[in-house]
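Novice: Sharing a structure here in structure tokens format.
The values are calculated or read from the model by the stated rules, or taken from the named source; none is laboratory data. None of these values were measured; they are calculated from a predicted model. Neighbour counts are summed over all protein chains in view; Cβ atoms, including those assigned to glycine, are modelled from backbone coordinates with ideal geometry. In case anyone asks, the SASA skips ligands and DNA or RNA and just uses the protein heavy atoms, side chains included. Shrake-Rupley method; radii C 1.70, N 1.55, O 1.52, S 1.80 Å.
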Amino acid sequence: MGQKVNPIGFRLGVYRNWDARWYADKDYTKLLHEDIAMRRLISSRLRNAGLARIETERSANQLTVIIQTAKPGIVIGKQGASVDALRDELERISGKKVRVTIHEIKTPELDATLVAENVASQLEKRIAFRRALKQTLMRSMRAGAKGVKIQVSGRLGGSEMSRREWDRDGRVPLHTLRANIDYGKAEARTTFGRIGVQCWLYLGDFVTATGEPIAPGKDRAEDRGLEDRVPVPAARVAEVPAEAAIVITEAADIPDVEIEEVPTEDAVEIDEDDEVIAAAGVDPAAGGEKVEKLTPKRAPARRKPVAAKKPASISRAPKKVVKKADVPADVVEEEEE
């Protein structure tokens, strides 16, 4: 089983603030139940007003309720009648003076709760869930989101077996604390049961707890004070003092003739070079052309003649036969004696 953490609770106190900003020592339970009752009342009365977030702040004798909505006209009503009625009910629940503040959300496509409620309303109208997911993803990405993920779970399409389907566009880094990820959920009440909708929106990165986005082109390591670990730019390496540059150019302009005129005592090395040149068969006066002299390295090759080992009697030349008739008779008689 996957261990899934709420992205808002994962970033509380680091890059995100609480929805209920108050402290109580002894009456904590009583004030907590008051908060829950007020949130239920507001969400039930303003269900079609596009509620995104309800925040509460408590002081000694006053309670401030901040309502973030995409449709402030529905919350206010004609000449503020709806707000006055809502304020009276909240004062009856809490027993204190209540101040209601309304904040308008100008881009509802970049709020996770509103996106989830939009998908839920489409499912209630019997629109295909895949089509609803695709259209909602496209709207959020066009509005400027860096990544969107929407998941629906339940009896999708009226099937007997419930299942879970999701779709994503862009990137949604859930494990990055600096990432500003908004999370929202809603429920679609259909004729064949409830379908849950979850939405994750990646809106950029945080730097501080106030929610300031990172300035474009600024290094994050410098923001954290890790200037030593940041590699030095190429422009800084190329900068060389003027004096050093002059010294380098003077050293590079030394002519080669002066180096040749310096007398050297290594006369033996010159002889060795000549021997190497002679062994290689190259005449320096001839401009590097090869000389037709046999080098000492090739001399042993002549010491292994193949024809020298053969006997001399093997000769195919015909021998001349001397006829005895041509020899004078006196010489023949002397040989017989």
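Novice: Of the residues TRP200, TRP166, only one is open to solvent by 50 Å² or more (accessible area, probe 1.4 Å), among the aromatic types (Phe, Trp, Tyr) and either without any contact (Cβ under 8 Å) to a residue 24 or more places away in the chain or closer than 19 Å to ASN6 by Cβ (or both); which?
Specialist: Of TRP200, TRP166, the one residue that is open to solvent by 50 Å² or more (accessible area, probe 1.4 Å), among the aromatic types (Phe, Trp, Tyr) and either without any contact (Cβ under 8 Å) to a residue 24 or more places away in the chain or closer than 19 Å to ASN6 by Cβ (or both) is TRP166.
Novice: So, of the residues in region 64-80 that are open to solvent by less than 60 Å² (accessible area, probe 1.4 Å) and not in a strand (DSSP E or B), which turns out to be modelled with the highest pLDDT?
Specialist: Once the filter is applied, the top-ranked residue is ALA70.
Novice: I've got another one for you. Regarding region 47-54, can at least one residue be identified that is more than 24 Å from ILE150 (Cα to Cα) and not charged (D, E, K, R)?
Specialist: There is no residue in region 47-54 that is more than 24 Å from ILE150 (Cα to Cα) and not charged (D, E, K, R).
Novice: Follow-up question, since we're still on this one. Taking GLU109 and the conditions (1) modelled with pLDDT under 95; (2) over 18 Å from ALA52 (Cα atoms); (3) over 24 Å from the mean Cα position of the chain (by Cα), which numbered condition does it fall short on, given that it satisfies the others?
Specialist: Of the numbered conditions (1) modelled with pLDDT under 95; (2) over 18 Å from ALA52 (Cα atoms); (3) over 24 Å from the mean Cα position of the chain (by Cα), the odd one out for GLU109 is (2).
Novice: Would you check which residues across region 100-129 are more than 20 Å from SER82 (Cβ to Cβ), in contact with a strand residue (DSSP E or B) (Cβ under 6 Å, 6 or more places away or on another chain) and not in a helix (DSSP H, G or I) and list them?
Specialist: Once the filter is applied, which keeps residues that are more than 20 Å from SER82 (Cβ to Cβ), in contact with a strand residue (DSSP E or B) (Cβ under 6 Å, 6 or more places away or on another chain) and not in a helix (DSSP H, G or I), region 100-129 yields only ASP111.
Novice: Can you tell which of VAL100, VAL83 is touching a helix residue (DSSP H, G or I) at 6+ places or on another chain (Cβ under 6 Å) and without any contact (Cβ under 8 Å) to a residue 24 or more places away in the chain?
Specialist: After ruling out the rest, the residue left standing is VAL83.
Novice: Using beta carbons and a limit of 9 Å, which pairs, at least six apart or on different chains, have the first residue in region 117-136 and basic (Lys, Arg) and the second one part of a loop (DSSP other than H, G, I, E, B) and open to solvent by 30 Å² or more (accessible area, probe 1.4 Å)?
Specialist: Listed by first residue and then by second, the contacts come to ARG126/THR191.
Novice: Criterion first (within 30 Å of LEU203 (Cα to Cα), buried (at least 18 other Cβ atoms within 10 Å of the Cβ) and basic (Lys, Arg)) does ARG39 satisfy it?
Specialist: Spelling it out, it is not the case that ARG39 is within 30 Å of LEU203 (Cα to Cα), buried (at least 18 other Cβ atoms within 10 Å of the Cβ) and basic (Lys, Arg).
Novice: Related question: Note down all Cβ pairs under 9 Å where the first residue falls in region 46-63 and is at positive phi and open to solvent by 20 Å² or more (accessible area, probe 1.4 Å), the second is among the charged types (D, E, K, R) and modelled with pLDDT of 90 or more, and they're at least six residues apart or on different chains.
Specialist: Matching pairs, first to second residue: none at all.
Novice: Can you confirm whether region 39-62 contains a residue that is touching a Phe, Trp or Tyr at 6+ places or on another chain (Cβ under 7 Å) and among the basic types (Lys, Arg)?
Specialist: The answer is yes, given that some residue of region 39-62 is touching a Phe, Trp or Tyr at 6+ places or on another chain (Cβ under 7 Å) and among the basic types (Lys, Arg).
Novice: Answer with yes or no whether GLY9 is open to solvent by less than 70 Å² (accessible area, probe 1.4 Å), closer than 30 Å to TYR202 by Cβ, small (Gly, Ala, Ser) and assigned to a loop (DSSP other than H, G, I, E, B).
Specialist: no
Novice: Now a separate question. Search region 115-158 for residues being under 23 Å from GLY170 (Cβ atoms) and of a type in the set (D, E, K, R), and hand back the single one that is least open to solvent (accessible area, probe 1.4 Å).
Specialist: LYS149
Novice: Which ones in region 81-114 are among the β-branched types (Val, Ile, Thr), in contact with a Leu (Cβ under 9 Å, 6 or more places away or on another chain) and either open to solvent by 40 Å² or more (accessible area, probe 1.4 Å) or under 18 Å from ALA37 (Cα atoms) (or both)?
Specialist: Across region 81-114, the qualifying residues are ILE93, VAL98, VAL100.
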